[in-house]
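A quick write-up on the structure given underneath.
Every number here is computed from the coordinates shown, using simple stated rules; none is lab data. Note that the structure is predicted; figures quoted are calculated from it, not measured. Glycine also receives a Cβ, built like all others from the backbone with ideal geometry; neighbour counts cover every protein chain displayed.
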Amino acid sequence: MDGRVRVEQEDGCAWVTLDRPPLNLLEPGIIRGLRDAFVELAREPGVRVAVITGAGRAMTAGMQIQVLRDLDPTSAKALISGLHEAIRAVHEAPFATIAMINGACLGAGFELAMACDLRVATTTALLGLPEIRVGIPSVIEAALLPALVGPGRAAELLLVGAPVTGAQALEWGLVNRAVAPETLVPTTRQLAASILEFAPSAVRLQKELIIRWRNTDLRTAIDSGIHAFAQSYTTGEPREALSAYLEKRKPRFV
């Protein structure tokens, strides 16, 4: 594994840390490391949640400017395609993903956070897409933005390029939690722990449905849900979960 992407596993939760302080700026090496980390984690059935964060005072402030400056059309397409592959590996991971936004989360870093299922940020974190200010459009997973905040707010973030704080991001629906810096880690741990309490197969089936719902029409999405509901009964997890509810105890999943 690339040393700029650190992976630690703890009771079903993988903690993936971008480790290129102080700003964890993205360049081809760390992008490959992120992709490889999630490709490997996707092969491990014991991984049920992954948290992505950054070392130090930022999640990631985006792409290394020097890398962007020296591109030509061919190398620009190669770079952005590689970045999309890495973020897609996160977006389509077979387990729940949480972005823990501990500071600046800009540009490609913001797109990475949007690709996660859930986002927890400090109230003072800065989130935004400043690419327009350096002569390039925001692309790839920036396409997720209108569905998150609506077309008007998406246009403001994309065309003005000014960031919002974690507190404002909560108001806009960009993040699920906005908390004081000292409570960021425990809040994220609590969110991950709540997912880990549930039936593992049910969580994976639900995540699979979330991915399909993003990419298909309503009728196909509903048909996929019917199949997933029946498929969940191929395990003993629904019986155990429902029995535990009726017996007022915690379920015991194998």
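Observations, loosely collected:
- Percent of beta bridges antiparallel (DSSP, the chain, rounded to nearest 5): 25
- Across the stretch 29-45, coupling constants 3J(HN,Hα) worked out from phi with the 6.51/-1.76/1.60 Karplus curve, θ = phi - 60°, read x, 5, 5, 4, x, 5, 4, 4, 4, 7, 4, 5, 4, 5, 7, 9, x Hz, and Gly and Pro carry x.
- Theoretical ellipticity at 222 nm over the chain - DSSP helices of four or more residues, -39500 (n - 2.57) apiece, nearest 500: -14500 deg cm²/dmol
- Residue order for Val47, Val175, fewest other beta carbons within 10 angstrom first, comes to Val47, Val175.
- Residue-wise HN-Hα coupling along the stretch 221-230, computed from phi with Karplus coefficients 6.51, -1.76, 1.60 (Hz; x: Gly, Pro): 4, 5, 4, 5, x, 4, 5, 5, 4, 5
- Relative to the dominant Cα principal axis of the chain, helix 200-214 is inclined by about 50°.
- Whole-Å semi-axes of the stretch 57-140's equivalent ellipsoid (Cα gyration tensor): 23, 17, 9
- Semi-axes of the equivalent ellipsoid of the stretch 162-202 are 25, 14, 6 Å, computed as sqrt(5λ) over the eigenvalues of the C-alpha gyration tensor in descending order.
- Cα gyration tensor of the stretch 200-246 - equivalent ellipsoid semi-axes, whole Å, descending: 24, 10, 8
- In the stretch 1-92, trypsin sites (Lys or Arg not before Pro) in a DSSP loop with at most 10 other beta-carbon atoms within 10 Å: Arg43
- Distance between the stretch 148-199 and the stretch 5-78 - C-alpha centres, whole angstrom: 19
- Highest average first, the peptides 226-235, 184-193 ordered by how many other beta carbon atoms sit within 10 Å of their residues are 184-193, 226-235.
- Highest-first arrangement of 162-168, 121-127, where packing means the average Cβ count within 10 Å: 121-127, 162-168
- Cα long-axis angle, helix 184-196 against the chain (0 to 90 degrees, to the nearest 10): 40
- Taking only the alpha carbons of the stretch 5-196, we obtain Rg and Dmax values of 15.5, 46 Å in that order.
- Sequentially through the stretch 99-107, phi angles give Karplus couplings (6.51, -1.76, 1.60; θ = phi - 60°) of 8, 9, 9, 9, x, 4, 9, 10, x Hz, Gly and Pro residues having no value and appearing as x.
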